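Asks: Have a look at the structure that comes next, please.
Values in this text are rule-based calculations from the coordinates and carry no lab data. Here the structure is a predicted model, which is why all the values come from computation and not from measurement. A quick note on method: Cβ atoms are made from the backbone with ideal geometry, for glycine too, and the neighbour counts reach across all protein chains shown.
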Amino acid sequence: MSIEPWSDDEFAELALMPVPEPGGSGVAPAPQPWDGSRRWIDLMPDGVLVVDREGLICCANQAMQELSGHAPAALEGQALSVLLPPALRSRHGAHLQAYFAAPHSRAMGRVQALNLWHAEGRERPVDISLGLCRFEQRPCTLAVIRDMSHFQALQAQLRHQVMHDGLTGLYSRQMFGELLGRALEQSARSGQPTALLLIDLDDFKSVNDGHGHHVGDALLREVARRMRRSLRQSDVLARLGGDEFAVLLPELLDAEHALRVAEKLVQVLTRPWRQQHHELTPGASIGIVLLPRDGQDADTLMRRADLAMYRAKEAGRGCYAVYDAEMSRRVEEKLRLQARLKLALQSPDGGGLSLHYQPQVAAEGGQVVGLEALLRWRDAELGEVSPARLIAVAESSGLILPLGDWVLVQACSQLAQWREQGQTMLRISVNVSPHQLRQPGFEQRLLELLQAHAVPAGMLELEITESAAMAHREQASDLLERIAALGVPLALDDFGMGYSSLGHLQQLPVCRLKLDRSFIRGLPGHSQDAALTRAVIGLARSLGKSLVAEGVETAAQHSFLAGEGCELLQGWLFAPALPPAELPAWLATRPAQPGPGLPLSPCPPPPPRS
């Protein structure tokens, strides 16, 4: 509850204003007789005054001395105006007479915030309740006065805590929201642009994780200090929470000023910060919107500033981006895609989702030895959705887990269907997301699917990325060993693009490495690509792993890779990813299925870890 002091002009009228009882007739209860005893009022912690109709104080209790600085005996016989602020004294007499002349009076228990004049010449905030009484056979006013100094100080402290961030001393999110609303109104009236800058520190989580929250807190205070020193006195700076800050730049001459401020903030936040044994570079991404151009309410402006800020992060961090309508269009498109994907995963027929299969062939002989399952989506409303967009949206929306499970179910179902139809079963490789690998019970789910479809474990290969294998090495290695123990072969996708150490790679229970297509593109004419490819093929051979080269598109690439000893090839030179219905006809054109010596043997057990 907030209590605001009344103005000086309202003081006397407020103190004497008749207030009817709620639901009553508007007439106050009759004055109560005064028994002449003052012992009970001296025991009260609040100040008590009895004032006659002439405005003279008839009686004051001991608490009035603390409130007013006057002893009770010194107050008795004095005019009540001695306790009023000087500006109100001249008007008090007339209000007092009107109070007694009225047929009703203020009901006891109703309070208002007033100011009492202290003997030391200062005002003191009080609450006062008034009622009629009889004192020595005279009609009088009984006033109960409560000191509100401590309450108001506490209220001011609480308001400050609500308005300000406890760590940095900047404005809080709540206060910034109020100031943003006011700035929007002011900018609309004046026609002068105001800029909103949303600032998010880059990779701040690693500071907390790597150095501790005490270092993170110190860094946030340093960031606040640097930004405050870089802004005008009239600019508003707030910490919204975590590592997110906001700035309001009012009364700009032009929009370019906001860009100059953003550039300045980026620069000051990329300077190294040293504290004790730590040297860190904060860095920040900034999103900018202009008021009122980019939104008519605070929520819209904050949302669009957030879009711009994430665009800055996508652009490489440590920079700023200005909101435009295209950002909203992309977000709406992403939300629509998420909704359609969710419906597809709930649909019995997959809602346009399907698996196509790209053959993997032996470099020597050309026999088909396996297939990679590649996800495709043709939505009834969106049309063809690229795999890159599909995976990106699935990961950002949390749908990657049900989507990954759907792919595994479809691959196992396809293998079972080929077996029932008496067709040759070819090993299917399925890409597995790092999110799936981190899901508790993943290997148990894998075993359930294999058993439910009666699929031999060796016919379903899982492809994992090098980065997924490197993240949380011990946990990843343990999980992959449990999967390999089921008899499921493992392949390391995009090999050569990550940062695996040879020692760690040797410990992983993978039996195949997939050479990234970026190595293949320049073959055989590009000498550097050729040298790198030779080195990777030699490395795979020394580790005892078979190698699959992706993206083979020319006969010259085929010849070079086969000559260097790469066992398996995959790419448009042989076939694109084909729907299941087209595979039998294509397979009929290929050489006979592989015999002994081709790389179809199960993964060898990994060497024991030291």
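Asks: Report the gain in length on full extension from Q451 to R228: 0.36 nm times residue separation, minus Cα-Cα distance, nm rounded to one decimal.
Replies: 74.0 nm
Asks: At 7 Å along the Cα-to-beta-carbon direction for both R182 and F151, put a label point, then send me their distance in nm to one decimal.
Replies: Those two pseudo-labels are separated by 2.6 nm.
Asks: I need the shape label for region 152-223. Rule: rounded when a/c is under 1.5, else prolate if a/b > b/c, else oblate, with a, b, c from the alpha carbon gyration tensor.
Replies: Oblate.
Asks: Moving to a separate point now. Considering Cα pairs under 8 angstrom that are at least six residues apart, work out the relative contact order of region 353-587 and quote it in whole percent.
Replies: With pairs under 8 Å counted, the relative contact order is 21 percent.
Asks: For the chain, with only Lys/Arg (+1) and Asp/Glu (-1) charged at the beta-carbon, what is the dipole magnitude about the Cα centre, in debye rounded to 20?
Replies: 480
Asks: Also, I was wondering about something else. Positive end of the dipole of the chain, charges at C-beta (+1 Lys, Arg; -1 Asp, Glu), about the Cα centre: which of M44, V82, A183 has its Cα farthest in that direction?
Replies: A183
Asks: How would T168, T281 line up from fewest to most surrounding beta-carbon atoms within 10 angstrom?
Replies: The most exposed by this proxy come first: T281, T168.
Asks: Once the piece of chain linking R376 and H278 is laid out straight, how much longer is it, given 0.36 nm per residue of separation minus the C-alpha distance between them?
Replies: Additional length available on full extension: 30.5 nm.
Asks: Would you mind pulling out the separation of the Cα centroids of region 63-89 and region 505-567, in Å?
Replies: Each part reduced to its Cα centre gives a spacing of 98 Å.
Asks: In addition: Would you mind classifying region 489-591 by shape? Square roots of the alpha carbon gyration tensor eigenvalues, ordered a ≥ b ≥ c; an a/c under 1.5 is rounded, otherwise it is prolate if a/b is larger than b/c and oblate if not.
Replies: Judged from the Cα gyration tensor, region 489-591 comes out oblate (a/c at least 1.5, b/c at or above a/b).
Asks: Also, quick follow-up: Could you please rank Y171, Y323, placing first whichever residue has the fewest other Cβ atoms within 10 Å of its Cβ?
Replies: Ranking Y171, Y323 by Cβ neighbours within 10 Å, fewest first, gives Y171, Y323.
Asks: Using Cα positions and a limit of under 25 Å, work out the lysines in reach of K514, with same-chain residues fewer than 8 apart set aside.
Replies: The reachable lysines, counting only those whose Cα sits under 25 Å from K514, are K545.
Asks: What FRET efficiency comes out for the pair L343/Q439, r = Cβ-Cβ distance, R0 = 25 Å, nearest 0.05?
Replies: Efficiency at R0 = 25 Å is approximately 0.65.
Asks: Given a Förster distance of 41 angstrom, what is the FRET efficiency for Q475 paired with Q174, based on the Cβ-Cβ distance and rounded to 0.05?
Replies: 0.50
Asks: When a/c is below 1.5 the answer is rounded, else prolate if a/b is larger than b/c, else oblate, so apply that to region 164-323 with a ≥ b ≥ c taken from the square roots of the Cα gyration tensor eigenvalues.
Replies: It comes out prolate by the Cα gyration axes.
Asks: Sticking with this structure for a sec: Taking the Cα atoms only, what angle lies between the long axis of helix 442-452 and the longest principal axis of the chain, rounded to 10 degrees?
Replies: 50
Asks: Tell me the label only: which of (i) 39.9, 125; (ii) 25.5, 91; (iii) 30.6, 136 is Rg and Dmax of the Cα atoms in Å as calculated from this structure?
Replies: Checked against the structure: label (i).
Asks: Any chance you could list P(r) for region 353-587, counting all Cα-Cα pairs in 5 angstrom bins from zero, rounded to whole %?
Replies: Calculated over all Cα pairs of region 353-587, the distribution is 1, 6, 14, 18, 19, 18, 14, 8, 2, 0, 0 percent.
Asks: Something else about it: Filter K205/K342; K205/K334; K205/K313; K313/K342 down to the pairs with a C-alpha to C-alpha distance above 20 Å, please.
Replies: The answer is K205/K342; K205/K334; K313/K342.
Asks: Could you list M302, M175, M425 so that the one with the fewest beta carbons within 10 Å of its beta carbon is first and the one with the most is last?
Replies: M425, M175, M302
Asks: Something else about it: Under a point spin-label approximation (7 Å from Cα along Cα-to-Cβ), what is the A531-A87 distance to one decimal in nm?
Replies: For the pair A531/A87, the computed spacing is 8.6 nm.
Asks: When only Cα pairs under 8 Å and 6 or more residues apart are kept, what is the percent relative contact order across the chain?
Replies: Relative contact order comes out at 8 percent.
Asks: So how far apart, in nm, are the two label points at A585 and D324 if each is 7 Å from Cα heading toward Cβ?
Replies: So the two model labels end up 4.6 nm from each other.
Asks: So, one more: Figure the gain on full extension for R53 and K205 (residue separation times 0.36 nm, minus the Cα-Cα span) and round it to one decimal in nm.
Replies: In short, 47.6 nm is gained.
Asks: Per-residue ellipticity at 222 nm for the chain, helices alone: DSSP H runs ≥ 4 residues times -39500 (n - 2.57), over residue total, nearest 500 deg cm²/dmol?
Replies: Result for the chain: -13000 deg cm²/dmol, rounded to the nearest 500.
Asks: Rounded to the nearest 0.05, what FRET efficiency do A71 and L335 have when you use their Cβ-Cβ distance and R0 = 56 Å?
Replies: 0.15
Asks: Quickly rank 559-570, 39-50 as a protection proxy: mean count of other C-beta atoms within 10 Å, highest first.
Replies: 559-570, 39-50
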